[in-house]
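Each remark here refers to the structure printed beneath this line.
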Amino acid sequence: MKTLETTPKTTYQLMRETEHELEDFLQSTFFDTKSLLLDDQVSKFEAELRGREEAKKEIDKRINRYLEGIKSAPWAAMRGKGKAIHISIDSEWVFNHETGKNDILCYSYSVRIGDKSFSGVKHTDMAKLIKQCRDQGLSKEDEMDKRKQLTKKGYKIGFDKFIQELLIKAKARGFIEEWPEQTFIYAHFLRADIASFEEFWNIGKNNKNHKNSLTVVQGTVTSGRGAYGIDLDAIGRSKYKIENTKFYSSSNNAFETKVRFVDTMLLSSKASLDEIGELVGFPKMTLPGNMIERMDDLYCKDTSLFNRYAVRDADIALEYGLRMQKFALVDLREDIGLELNSLPSTLGNLGVSLFRHTCGSTAAMHDFLGYETRKKQYYHAKSNAIRNTYDISKTVSREYTDNLAVSALFGGCNFGAYFGVSEKGDYFDYDLSGAYTTSLVNSKKADYPNTFESKNIEDYLGDTMGFAYVRFKHPDGIRFPVMPCRTDLRGIYYPMEGETYVTSPELQLAHDIGCEIEILHGMVIPWVEGSTSMYKDFTTIIRKQRSKYKKEGNELYSGLWKLVGNSLYGKTLQGCNNSKGFDLATGLSKNIPYSPVTNAHYGAYCTSYVRATMLEVIGKLCERYGDDIKIISATTDGWLCNATEEQLDQCLDGPLAQRFQQICTEVSGEDMMQLKHHAKQIISMKTRGQLTAELGDTKPICAKAGIKAPKGVDENEWMVELFLDRYPGQKVARKHLASARDQWLKEMDLVSIHTEQTLNLEYDFKRRPVNPRIVEVRHPKSGEMVEHLSFDTVPWNTVDEGLDARTYFDEWRVNNCLKTMEDWDNWMDFYKVRSYLKGTGVKYLEDGSEGIFKVQMLRAITQGKWGLPKAPKRAPRGHYDKMVAMFEADGIEGITKQDLANSKGRKLLESKLPVTPRMLPLLSWLVRKYPMVDMTLIFHPIEVEEAVSMLEEYNREHTEKLAA
């Protein structure tokens, strides 16, 4: 376009411009339609040119990919570069009782890429066969024969092929343009669904590391960050090998994508898929009747409902998995600044990542925990070079004291202090607030290099960390001893005296209540001067986030934060006690490795602090309110009792409780005690076995002592009925899934194994029963008032006393239950005889202690022992006849001449017998008939005084009868 010149022109120049030129100028300037048309054409041309350039680039890109595939080796595969695809899987099956395997009916799936998704169900040939057989009206036997034939032939889909089909389907629908770089596979309890595919142990068979594909975690299966490849090695470290997995497109071209398994069960606070569905707004569908156990019937009768049910499970797993991805990768970054590269396999791993974040760095975390980096060199033959490797190991000064800390590492404070039905009243279930995360904050930085040995109790008192092996004795009158003693089979006992490993918080408490303590071996690990706990920031975040989401009504996130917090405590103890787990890579049991945060010192100290704080408060309740306080049970971080909140508040003034409250105030501002449940009447069975007989103001207390209630019942009512109606030798159904070991080694499906076990809701004898009585309770089924035995308990004097009582009770309960006063009398008779006559060879007969006393009495009479008149060496004719007549005349029946003859030469027990109520009628007769009898020769020295007292009372109560 021309422009109008603005510079001055001469007259000559103006004359040279013709009128035509001037006309052209004006028209081109103000009326240039040709120019506008030309501009439009140019812009269109440029756009077309740009489109062609882009098309050319796309064509070049595809040609290069094609040439790359042509030039590469036939076995090579192109790596996916597209965005991630998320796939959840589920399967439905019916158990075949004849083959002992699951007949797989379908594989369901739910797929999501960005905002696009699709789902579906793939029915197996087995499902189609079953439907065909039933449509044809074949007999059950014929159907089973065909099912067996198909099972033998093989009908399950290969896992790789199944995922491959879904990837091809996603591409065909246009949901993805390129093969994905990453593929996430979700399932709730992965081991169940993976086992439904053809030979699940061969998953990833094209991967050279396929034997390391999966690892057993918490009874399920998961993989590491990489695809089919996890190698746990080195101390406190997980090294993941990222491997690609090969699939084939519809044109049979190979491509690779990184497959990552995610088991949503390991990332949830709820174990049930039903509960998970409620949390994410996908309620699990309910099926009519008992159809869940007969999915083959549902498939044949209503395939549409079957499909909807199958897909819903996959939808729930996918939705929850994606929410966990958001929680880990988005919400954690926005809420607390924690940036993760990928979703951790378990909440425990997430807890470790959060702790590392709050420490500031991995190096700072290792320094706090007592780890150091050690450099190693080795010759690498392939590269002909020296290479370096680095291991994370315990420092020498920490390792020096590790075994003592492990020995002092006990579980929670768990015991039942009452058995049977409680009297009606108000019973409260109190918990220490965030017990273990709070307790971890009590651990400052350990000064391992300055550890010192000490037998001086003063060195273990106050704010310090110490571990010792001690001999102790509690003062008389202590209702709840404070020194835990480990047993091989029966858990922890709290006796009045003994020897045990213990940590400084419990030494502090024992010292405060006046225990006699002799430290036999011990070490004190002081805190680094001026140090603070690196657990504090972690716990503060946990408490803050829990409180935040609780107020928002976000039950999902609130539960997750609680589990993340508790998981750090579990990770702190991981691997300390040399427990084993099944290793899928080798088929062997291996020691569970240390976690990155394992530290036996902090773990033992933390657990001890929780136990000691609980027992300090319980002890003060008993001391200040006496027998008015009834402690029902204690479990891990709380206890069940009849103390009111006002009474409890008056007993939080001990040094341990005050420190606990101080930590709670610093990290959350909450009170240290939280009321969880309230009830009007309790049924207490044993450790971890408490039920609600009469409801209070909260949900019922229902700790089922390891018993699993059937689905769809009120668990508390079902358990109360089971307890009240139990009988000796009663069997209950027990169902458990095949273990990972059996699946791997025996090539089993994940089948439910049904067995029966003997019901055991009897007392576990962690304490000594006293004060037996009958208490009434309402039967949940009939509504009638029924009676049941109840008793209080006191501590055993020694651990051995408790273990002996438990052993004898296990023998007695084979044919008995503790339900009535008659049961109590039978048990006490059995217990006293078995405990006092241990090692004598005397057996407990059907007629109990009365029969044993009768046998010994006849021996004493015929042998002239126990201070009785001397008996002739050889009985004269008629001597035994006269004695039999004497017994019969005095109302003692069942004694024969042969009994007397046999007694003459048999071994007699002297100063061995216990005294029992059943012996008193014969004992009373013996003393009246032979006043010279020596009671000290009959009864054990400990029992003589009680025997005299019981005999006098018996004689007073039966004066008239004896006179007659």
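Here is how the numbers come out for the structure above:
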| read-out | value |
| --- | --- |
| Residue within region 788-801 that is under 22 Å from Ser422 (Cα atoms), of a type outside the set (A, V, I, L, M, F, W, C) and exposed (fewer than 15 other Cβ atoms within 10 Å of the Cβ) present | no |
| Strands (runs of 3 or more DSSP E) lying entirely in region 220-299 (those with 3 or more residues that are modelled with pLDDT of 80 or more and farther than 30 Å from Ser393 by Cβ) | 254-263 |
| Region 454-476 - residue that is of a type in the set (D, E, K, R) and either within 19 Å of Ala417 (Cα to Cα) or assigned to a loop (DSSP other than H, G, I, E, B) (or both) and, of those, nearest to the chain's Cα centre (by Cα) | Asp463 |
| Options Val842, Val814, Val833; residue that is among the β-branched types (Val, Ile, Thr), over 22 Å from Ala417 (Cα atoms), loosely packed, with under 15 Cβ neighbours inside 10 Å and in contact (Cβ under 8 Å) with a residue 60 or more places away in the chain | Val814 |
| Qualifying residue in region 331-338 (condition: in contact with a Phe, Trp or Tyr (Cβ under 9 Å, 6 or more places away or on another chain), assigned by TED's automatic domain parsing to the domain that holds Lys140, under 30 Å from Ser361 (Cα atoms) and at pLDDT 90 or above) | yes |
| All positions within region 459-485 that are closer than 15 Å to Ile513 by Cα and of a type in the set (Val, Ile, Thr) | Ile478, Val482 |
| Some residue of region 584-600 being assigned to a helix (DSSP H, G or I), at pLDDT 90 or above and under 27 Å from Ala408 (Cα atoms) | yes |
| Condition met for Leu347 (in contact with a helix residue (DSSP H, G or I) (Cβ under 6 Å, 6 or more places away or on another chain), surrounded by 17 or more Cβ atoms within 10 Å (Cβ to Cβ) and without any contact (Cβ under 8 Å) to a residue 60 or more places away in the chain) | no |
| Strands (runs of 3 or more DSSP E) lying entirely in region 96-197 (those with 3 or more residues that are surrounded by fewer than 17 Cβ atoms within 10 Å (Cβ to Cβ) and either in contact (Cβ under 8 Å) with a residue 12 or more places away in the chain or not assigned by TED's automatic domain parsing to the domain that holds Tyr309 (or both)) | 116-123 |
| Complete set of residues in region 602-654 that are at positive phi and not small (Gly, Ala, Ser) | Thr636 |
| The listed residue being under 30 Å from His511 (Cα atoms) and surrounded by 18 or more Cβ atoms within 10 Å (Cβ to Cβ), out of Thr635, Thr665, Thr644 | Thr635 |
| Lone qualifier among Thr807, Thr793 - being of a type outside the set (D, E, K, R), assigned to a helix (DSSP H, G or I) and within 36 Å of the chain's Cα centre (by Cα) | Thr807 |
| Single match in Arg479, Arg490 (criterion: surrounded by fewer than 19 Cβ atoms within 10 Å (Cβ to Cβ), assigned to a loop (DSSP other than H, G, I, E, B) and touching a residue at least 60 places away in the same chain (Cβ under 8 Å)) | Arg490 |
| Qualifying residue in region 461-474 (condition: touching a Pro at 6+ places or on another chain (Cβ under 7 Å) and surrounded by 19 or more Cβ atoms within 10 Å (Cβ to Cβ)) | yes |
| Hits in region 403-438 (condition: in contact with a His (Cβ under 8 Å, 6 or more places away or on another chain) and part of a loop (DSSP other than H, G, I, E, B)) | Asp426 |
| Counted residues, region 846-883 - those being touching a Leu at 6+ places or on another chain (Cβ under 7 Å) and either at pLDDT 90 or above or assigned to a loop (DSSP other than H, G, I, E, B) (or both) | 17 |
| Residue pairs meeting the criteria (Cβ under 6 Å; at least 6 apart or on separate chains; first of a type in the set (Gly, Ala, Ser), in region 866-894; second surrounded by 11 or more Cβ atoms within 10 Å (Cβ to Cβ) and in a loop (DSSP other than H, G, I, E, B)) | Gly867/Val933; Gly867/Asp934; Ala871/Gly864 |
| Condition met for Phe159 (modelled with pLDDT under 90, hydrophobic (A, V, I, L, M, F, W, C) and more than 25 Å from Pro593 (Cα to Cα)) | yes |
| Number of positions in region 530-548 that are over 25 Å from Leu432 (Cα atoms) and either in contact (Cβ under 8 Å) with a residue 24 or more places away in the chain or within 27 Å of the chain's Cα centre (by Cα) (or both) | 1 |
| Output for region 912-933, where each listed residue is part of a loop (DSSP other than H, G, I, E, B) and more than 20 Å from Ala871 (Cα to Cα) | Lys912, Pro914, Val915, Thr916 |
| Of all residues making up region 375-396, the number that are surrounded by 12 or more Cβ atoms within 10 Å (Cβ to Cβ) and out of contact with any His (no Cβ under 7 Å at 6 or more places or on another chain) | 4 |
| Region 719-731 - residue that is more than 14 Å from Gln681 (Cβ to Cβ) and touching a residue at least 60 places away in the same chain (Cβ under 8 Å) and, of those, surrounded by the most Cβ atoms within 10 Å (Cβ to Cβ) | Arg726 |
| Condition met for Asp792 (acidic (Asp, Glu) and under 16 Å from Ile683 (Cβ atoms)) | yes |
| Check on Thr896, closer than 19 Å to Ile852 by Cβ, surrounded by 12 or more Cβ atoms within 10 Å (Cβ to Cβ) and among the hydroxyl-bearing types (Ser, Thr, Tyr) | no |
| Matching entry among Tyr378, Tyr400, Tyr418, Tyr390 (being modelled with pLDDT of 95 or more and either among the aromatic types (Phe, Trp, Tyr) or closer than 26 Å to Ser684 by Cβ (or both)) | Tyr418 |
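The values are calculated or read from the model by the stated rules, or taken from the named source; none is laboratory data. Model, not experiment: these values are computed from the prediction. Virtual Cβ from ideal backbone geometry, glycine too; neighbours counted across all protein chains shown.
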